[in-house]
Amino acid sequence: MKKLFALIVFSVSLILFFNACEDRSELTAPPSLNGVSGEANLTKMVSLGNSLTAGYQNGTLYISATQYAYPYLIAKQADVEMSGIAVSDPGLGGRLEIKSLSPFTLFTNTKTGSILNSTYPKPFQNLGVPGALAYDVLQATSSTNCASALFGGTPNPFFDIILRNGTTGTKTPIQLALEQNPSLITLWIGNNDVLGYATSGGVSPSAPTPVANFQAIFNGIADAISTAGKQGKGVVANIPNVTSIPFFTTVGPQIALSTPWQQLRAAGVMGLVYQKASGVGLADSASLLMGTNLVTLRGSSYAPLLGQATAKYYRDLGIAVPAGIDTSKPFGFHPQNPWPNALILDTDEIQIATNAVNSFNTIIANFANTVNFGLVDINKLFKDIRQNDFTGGTVFNGRVFTTTFVTGGLFSLDGVHPSSQGQGIIANEFIKVINSKFNAKFPLVNVSAIPGSLIFSGKISYQNGYPIIPIEAFNNLLF
């Protein structure tokens, strides 16, 4: 599990900015709706989930981004209020920002904002907690008994910030949601049950949540919903495959096309030699280009060192060079100085993650049938957008989106969390299911009217083919 922090204030010499002054009136639904359409009643909507539900972007929570989280956009379209944590910019510390377009360079903003509504007198309707696992929806009441604290040893303070139980509180997210007598529940949880494993390159102490445990958790959530008499009063979303996000799809292809790679290939080097749990593996150019081996975005800090005699990776970690590693050998191209296991999700690890996602999504679909919830297929949405990358992208409200890091418009700078416009696309998937299930006619969000996409005065350029990302950029990232 990671810890937290990071955000984005976009200061650059070449006019990088949020389009914050656009007319946002197109986001507003006709006032006559008042939260009711057809058989749907959104007058008291509550949302359960993790960082995706909270509106976390660029590594932290901050109000200029969280106001476009999908629960708030859905509420806006239904003309109802939605309460949730509000943190002034630049968020709770460690926000990722852009330092330069050429070469494209990120930095970590160490300033912090403040919580603007810490005295809000009731439970929040948006109960998305960054870092939450499925277990936490049913069991966590604080930073000290959430999954990351119990199973990874790292307390997650977002539980205290969002749930606001205090030191003696005993209410879980599902209890806080149901005690509000919600007219509609949205649930999107389970991403972190596989994402922590994947983003660590498959070396996280915790593998994906066992399928039997995941099933038991969703059984418990179903029981709580049924006991509260909320069957048929909600929608649940499934989990996208990790192979769809730029955290995994950015660096590998650049390595395969890099000059050092080409030079060493000419000298007989056949591929990227990477460390495995036992021995080493070989990722050739085809596997890196096609994504059957995925280098994580953390690898961008080390890719320029390929082929050099270096121990930088181990120095950065502050650990001794492991036995059997010879840093006088060419980094990443020799079995005695391999590319680190933590920076690559190899074919076997991708299969583990994919199997987990498929199993979790089957459980989520069965849950939807059990409690008569609508099912939002986010997995298909992301898969289709990723596939369309190779044919020019996907158009939403006249705007072309791809999963490409930064320039694709769909994801924020951390390569995992959606941009504000990406949240708009997700909100529309929820609205479509709400409209279909409840014979409603809530209007869709005009994605092009949402500010928050990065607008460049010119093309970005990478140094040596890679974005320059601080080594510490992802140390505190939550999902």
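Being assigned to a helix (DSSP H, G or I), in contact (Cβ under 8 Å) with a residue 24 or more places away in the chain and closer than 30 Å to Glu39 by Cα narrows it down to one of Ile225, Ile239, so name that one.
Ile225
Return the residues of segment 199-219 that are at pLDDT 95 or above, part of a helix (DSSP H, G or I) and under 19 Å from Glu349 (Cβ atoms); say none if nothing qualifies.
Hits for segment 199-219 are Val211, Phe214.
Does segment 289-297 include one or more residues that are outside any helix (DSSP H, G or I), hydroxyl-bearing (Ser, Thr, Tyr), modelled with pLDDT under 90 and over 21 Å from Ser328 (Cβ atoms)?
No, because not a single residue in segment 289-297 is outside any helix (DSSP H, G or I), hydroxyl-bearing (Ser, Thr, Tyr), modelled with pLDDT under 90 and over 21 Å from Ser328 (Cβ atoms).
Just for segment 303-319: of the residues that are part of a loop (DSSP other than H, G, I, E, B) and at pLDDT 95 or above, which one is surrounded by the most Cβ atoms within 10 Å (Cβ to Cβ)?
Across segment 303-319, the extreme among qualifying residues is Thr310.
Consider only pairs whose beta carbons are under 9 Å apart and that are at least six residues apart or on different chains; among these, list those whose first residue lies in segment 275-303 and is under 16 Å from Asn464 (Cβ atoms) and whose second residue is basic (Lys, Arg).
If the second residue must be basic (Lys, Arg), the pairs left are Ser301/Lys312; Tyr302/Lys312.
In segment 168-185, which residue that is over 10 Å from Leu127 (Cβ atoms) and among the hydroxyl-bearing types (Ser, Thr, Tyr) is modelled with the highest pLDDT?
Among them, the one singled out is Ser183.
Is segment 263-272 home to any residue that is outside the structural domain of Val371 (by TED's automatic domain parsing), assigned to a strand (DSSP E or B) and either of a type outside the set (A, V, I, L, M) or modelled with pLDDT under 95 (or both)?
yes
Only one of Leu195, Leu187, Leu257 is among the aliphatic types (A, V, I, L, M), surrounded by fewer than 24 Cβ atoms within 10 Å (Cβ to Cβ) and at negative phi; which?
After ruling out the rest, the residue left standing is Leu257.
Scan segment 272-289 and tell me whether some residue there is touching a Pro at 6+ places or on another chain (Cβ under 7 Å) and not hydrophobic (A, V, I, L, M, F, W, C).
Among the residues of segment 272-289, at least one is touching a Pro at 6+ places or on another chain (Cβ under 7 Å) and not hydrophobic (A, V, I, L, M, F, W, C), which makes the answer yes.
In segment 152-192, which residues are of a type in the set (S, T, N, Q), part of a loop (DSSP other than H, G, I, E, B) and under 26 Å from Ile434 (Cα atoms)?
Thr172, Gln180, Asn181, Ser183, Asn191
Return the only residue of Thr370, Thr403 being touching a Lys or Arg at 6+ places or on another chain (Cβ under 6 Å), in contact (Cβ under 8 Å) with a residue 40 or more places away in the chain and of a type in the set (S, T, N, Q).
Matching residue, one of Thr370, Thr403: Thr403.
Could we say that Met290 is surrounded by fewer than 18 Cβ atoms within 10 Å (Cβ to Cβ), touching a strand residue (DSSP E or B) at 6+ places or on another chain (Cβ under 7 Å), not charged (D, E, K, R) and not assigned by TED's automatic domain parsing to the domain that holds Ser436 here?
no
Being outside any loop (DSSP other than H, G, I, E, B), in contact with a Phe, Trp or Tyr (Cβ under 8 Å, 6 or more places away or on another chain) and among the charged types (D, E, K, R) is the filter; apply it to segment 73-102 and report the residue that is nearest to Ser51 (Cα to Cα).
Checked segment 73-102; the qualifying residue nearest to Ser51 (Cα to Cα) is Arg95.
The values are calculated or read from the model by the stated rules, or taken from the named source; none is laboratory data. Everything numeric in this text was worked out from a predicted model, so none of it was measured. Heads up, the Cβs are rebuilt from the backbone with ideal geometry, glycines too, and the neighbour counts pull from every protein chain shown.
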